[in-house]
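Worksheet: the structure to be examined is printed underneath.
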There are 2 protein chains.
Amino acid sequence: MSHKDFPSLSSENEKELVERLSQWSLANGLVMYPPNWQLHSANNAPITMFPTPFPKDLFENAMKVQTTFNKLYANVVSHEKIWLVDLIKSLAVFDKEFTGQLYETYKKAVEASDGELPQPLSLGVFRSDYMYNQTDHSVKQIEFNTVSISFGGLSTKVGAAHNYLNKSGVYDDDYSLKYYQPGELPVSDSINQIAEGLAQGNYFYNDETDNQKTVVLFVVQPGERNCFDQRLIEYALLENHGIKSYRSTLEEIKEKTTINSGKLYIKATMDEVSVVYYRSGYAPTDYTVNPEKTWDARLHLEVSKAIKCPSLLTQLSGSKKVQQVLTDASRVKEILGDVPQEELDSLLSTFVKIHPLDDTKAGREAKRLALEEPQNFVLKPQREGGGNNVYKEDIPGHLKALDESEWGAYVLMELIHPPTHKNKIIKDGQIYREDIISELGIFGTLVFNEETGEIKSNENAGFLLRSKFSSSDEGGVAAGFGCVDTVYLY
Amino acid sequence: MSHKDFPSLSSENEKELVERLSQWSLANGLVMYPPNWQLHSANNAPITMFPTPFPKDLFENAMKVQTTFNKLYANVVSHEKIWLVDLIKSLAVFDKEFTGQLYETYKKAVEASDGELPQPLSLGVFRSDYMYNQTDHSVKQIEFNTVSISFGGLSTKVGAAHNYLNKSGVYDDDYSLKYYQPGELPVSDSINQIAEGLAQGNYFYNDETDNQKTVVLFVVQPGERNCFDQRLIEYALLENHGIKSYRSTLEEIKEKTTINSGKLYIKATMDEVSVVYYRSGYAPTDYTVNPEKTWDARLHLEVSKAIKCPSLLTQLSGSKKVQQVLTDASRVKEILGDVPQEELDSLLSTFVKIHPLDDTKAGREAKRLALEEPQNFVLKPQREGGGNNVYKEDIPGHLKALDESEWGAYVLMELIHPPTHKNKIIKDGQIYREDIISELGIFGTLVFNEETGEIKSNENAGFLLRSKFSSSDEGGVAAGFGCVDTVYLY
């Protein structure tokens, strides 16, 4: 099991490559708005110069288990609802402003609907993130994302970009041949697949008819710089399915939409909304500027008959705490029900140990590990949105600064040992040459009934490789920028 | 024969439209580099907000006659070579620096090859430009372009952009319906068709085999801001035909290419060049900075066995003088040979009167018209590259400032009376609201043998609508900027 090195290019050929890659990106929508952007001008998105090696068998395993993961989370939300709600309730104590508010909004929505769900159908557009763990040649799950997953659009594009470079010969310094062979550089079909997922939501909303009169509402962040990643999905939704879409920030929701007989409408056109697709609302910062308005908007959408992608409860099922509980094999088997043993084993093989920091026996042992063997762990807060992890030797100090009653807001996760690669990152015309580490994300979509647990559709929806600099100290992940990458399968 | 007005939108809906159009453009390669550009950042290309009305029957007629025009120019270059060379020789006197140099380079190439063409096959990627003449409901030819025709790439994109807006409902202020009906907004397939033309050249160069080892060389201007228009064709060439391409300025040609046994090679890779595709070399300014180097590069390419798109003689056949002579119906019939009368009539219907300003009887009459009835005419120089036309009342003064012996450098062309439309142009985030006039370009490609006249392929290659402000004075064309547009057929 070995892989080719990255192409070794003369400085002249590298210059040619960067020109081709930059212009391809600008000609094909592999773009982002820069900070302080103007509507009419975009930059290349940050990407790697070369695809990054990833073991083929593990890539395939991660792809294969996605629909099982989809089903697992659907079952948690539907069949295990009481348990899930209790769990969230206990977490809310530690994170009042976000998990707490999500939970409160969920409760209000249930009350407003007299205990019945206004729309039992729920749409999941998920992404399960993994790293390659070199020590035992496995992929290990980092987290399961249930809300506002991004880069499905740009992932397709960067795959196409690297394939273009390979086909055009510039990865080969000498003979202008294809450096990578057929099958080694798969292109993620995530643009079409995620659009297909939204279309499935639309289809079931319309009671299993293709009704082009209903639309999808993208709930987006104000001033979104990554809007092209989202637009690409909008275009596929229109092109492939004839379904129109609108965009609104949480702040604008009450101004732009109205509810009539439970149904959600775009005010300007009176188009009926079949699916509310959140590309915002996943982090506390999405609510901090206008808390009253934004939480009210969230409630407004939740009580409508539109299918939410995700519903509040589905979003909450992505808490680290749920992920931690699900590392218990017998519990997984219980929740998944009747699945083939092989499928279950594949799924379980992706788990690292995740420990609770509570007063159970396991929790007390975890507290000891956190303080005495921190070098093997990462401490993660329960809530969504990255950047808050605490690594290794920083863990004891971090915990000690908190009252022990607050430790339950975190889970303790065994560190994964990914390989580093000497790829290059291109950002804003600059080339950065440092060791990178990569995270593989697998997209999945499903439509399920939160009341009955019935799964209406369950699909794999492509993949994503994100790479970032590995920090020089301790092998942890630097807070520096990441970029979109592709897999070179070996 | 009437057409719908442009959509009438509220300012709020217009804002939504501009946001959608801008982001679609940036996500789909409808872009250009701004002045003083950086490699990693591009702007929306200047485009119209709405498609511009164009009569369907005339659009179809213009499309239909393209292959006849292709053939006409192929026959001029092959069967009428002696006449053409004599004509060019006489024109060279008036325009020594450009037409004269093209002609001298042609002569040198013929001498260097002992009178034989190093490559008898010639590739034409042409564009015939028309305006709608309201007074007699016809399309009238403005000019026939034989070199470096542009906007085949962006034309496809702007067609798709306007179709996207129409499909997404934002052209309709009230109900978010499709404002334009199926068939009213055709999308030019010029990206694929022009790539197909280049691939045909490659195919015949390789002696009728698909040989992916030969490549196409794009000869481009230094610092080309419209490179995406060209790149889109490169991508289609690679994607649809597996043919690689390289780019070089005239200045770099000798450094980047070499000739071995008559064959042209890219030095860096020793890839053999099948087709030299000029997107430069059409205007005097392409040679003025480094005249020796650039003319030498032109000769270097001309004497190679690569197929030129176009050859020097084919480029020269695009002179206004040739166009003028070809307005004589009997001469056209003679050159075209055996074509159906209907086809000939369609072609002839697109001609306006073009008069020579020489010492023939017709020329003397033209001189009288130029001085006494200038309001009906535009004075055009023989050579390529716009911006040098003299309109109406400015003609007598312009001619009188020249020695009469120099008048032969011009032709006198009857003015066409196009309608104006109140479309809006979006450029660099600004909206311009003025009357515009539009020019319809029809693309065509053909491979022919310059020695025998044999036509190997002859294809229609899509279309282009360009619009620009009509100047407020005299109905002439302002020197201001133009933009890419689409037809709304009615």
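The values are calculated or read from the model by the stated rules, or taken from the named source; none is laboratory data. As the structure is a computational prediction, the values presented were derived from the model and not from experiment. Note that each Cβ is placed from the backbone with ideal geometry, even for glycine, and that neighbours are counted across all protein chains shown. When the accessible area is computed, the model is the full protein with side chains, heavy atoms only, and any ligands, DNA or RNA have been set aside. Shrake-Rupley method; radii C 1.70, N 1.55, O 1.52, S 1.80 Å.
Worth a mention:
- Output for region B:26-42, where each listed residue is within 13 Å of B:ASP229 (Cα to Cα) and in contact with a strand residue (DSSP E or B) (Cβ under 7 Å, 6 or more places away or on another chain): B:LEU30, B:VAL31, B:MET32, B:TYR33, B:ALA42
- Residues in region B:290-319 that are touching a residue at least 60 places away in the same chain (Cβ under 8 Å), among the polar types (S, T, N, Q) and out of contact with any Pro (no Cβ under 7 Å at 6 or more places or on another chain): B:SER311, B:THR314, B:GLN315, B:SER317, B:SER319.
- Qualifying residue in region A:176-188 (condition: of a type in the set (Asp, Glu), away from every other protein chain (no Cβ under 14 Å) and surrounded by fewer than 21 Cβ atoms within 10 Å (Cβ to Cβ)): yes
- Residues of region A:29-44 classified as surrounded by fewer than 21 Cβ atoms within 10 Å (Cβ to Cβ) and not in a strand (DSSP E or B), total: 7
- Checking each residue in region B:26-42 for being without any contact (Cβ under 8 Å) to a residue 40 or more places away in the chain and within 7 Å of chain A (Cβ to nearest Cβ) picks out B:LEU26, B:ALA27, B:GLN38, B:LEU39, B:HIS40, B:SER41.
- Taken over region A:11-67, the residue count meeting the criterion of being among the basic types (Lys, Arg) and either at positive phi or over 23 Å from the mean Cα position of the chain (by Cα) (or both) is 2.
- Residues of region B:186-215 that are among the β-branched types (Val, Ile, Thr) and in contact with a helix residue (DSSP H, G or I) (Cβ under 8 Å, 6 or more places away or on another chain): B:VAL187, B:ILE191, B:ILE194, B:THR209, B:THR214.
- Hits in region B:151-175 (condition: of a type in the set (Ser, Thr, Tyr) and more than 10 Å from chain A (Cβ to nearest Cβ)): B:SER155, B:THR156, B:TYR171
- The residues of region B:378-398 that are out of contact with any helix residue (DSSP H, G or I) (no Cβ under 6 Å at 6 or more places or on another chain) and either open to solvent by 40 Å² or more (accessible area, probe 1.4 Å) or modelled with pLDDT of 95 or more (or both), listed by number, are B:GLY386, B:GLY387, B:ASN388, B:ASN389, B:TYR391, B:ASP394, B:GLY397, B:HIS398.
- Which listed residue, of A:ILE436, A:ILE425, is in contact with an Asp or Glu (Cβ under 9 Å, 6 or more places away or on another chain) and either more than 14 Å from chain B (Cβ to nearest Cβ) or open to solvent by 70 Å² or more (accessible area, probe 1.4 Å) (or both): A:ILE436
- Residue selection: B:ILE191 satisfies the criterion of being buried (at least 23 other Cβ atoms within 10 Å of the Cβ) and part of a helix (DSSP H, G or I).
- Filtered residues of region B:45-60 (kept if surrounded by 19 or more Cβ atoms within 10 Å (Cβ to Cβ) and either assigned to a helix (DSSP H, G or I) or not hydrophobic (A, V, I, L, M, F, W, C) (or both)): B:PRO46, B:THR48, B:PRO51, B:THR52, B:PRO53, B:PRO55, B:LEU58, B:PHE59
- Screening B:ILE455 with (1) at pLDDT below 95; (2) open to solvent by 20 Å² or more (accessible area, probe 1.4 Å) gives one miss only, at (1).
- Selection count where residues are over 14 Å from A:VAL275 (Cα atoms), more than 19 Å from the chain's Cα centre (by Cα) and away from chain B (no Cβ under 14 Å), scope region A:209-232: 1
- Residue in region A:112-120 that is touching a residue at least 40 places away in the same chain (Cβ under 8 Å) and under 22 Å from the mean Cα position of the chain (by Cα) present: no
- Being within 16 Å of the chain's Cα centre (by Cα), modelled with pLDDT of 95 or more, in a helix (DSSP H, G or I) and away from every other protein chain (no Cβ under 11 Å) is not true of A:GLN200.
- Qualifying residue in region A:255-276 (condition: of a type in the set (Phe, Trp, Tyr) and either away from every other protein chain (no Cβ under 14 Å) or under 23 Å from the mean Cα position of the chain (by Cα) (or both)): no
- For region A:12-24, the set of residues classified as surrounded by 23 or more Cβ atoms within 10 Å (Cβ to Cβ) and more than 8 Å from chain B (Cβ to nearest Cβ) consists of A:LEU21 only.
- Selection status of B:GLN375, open to solvent by less than 20 Å² (accessible area, probe 1.4 Å) and either under 22 Å from the mean Cα position of the chain (by Cα) or outside the structural domain of B:LYS107 (by the TED database) (or both): no
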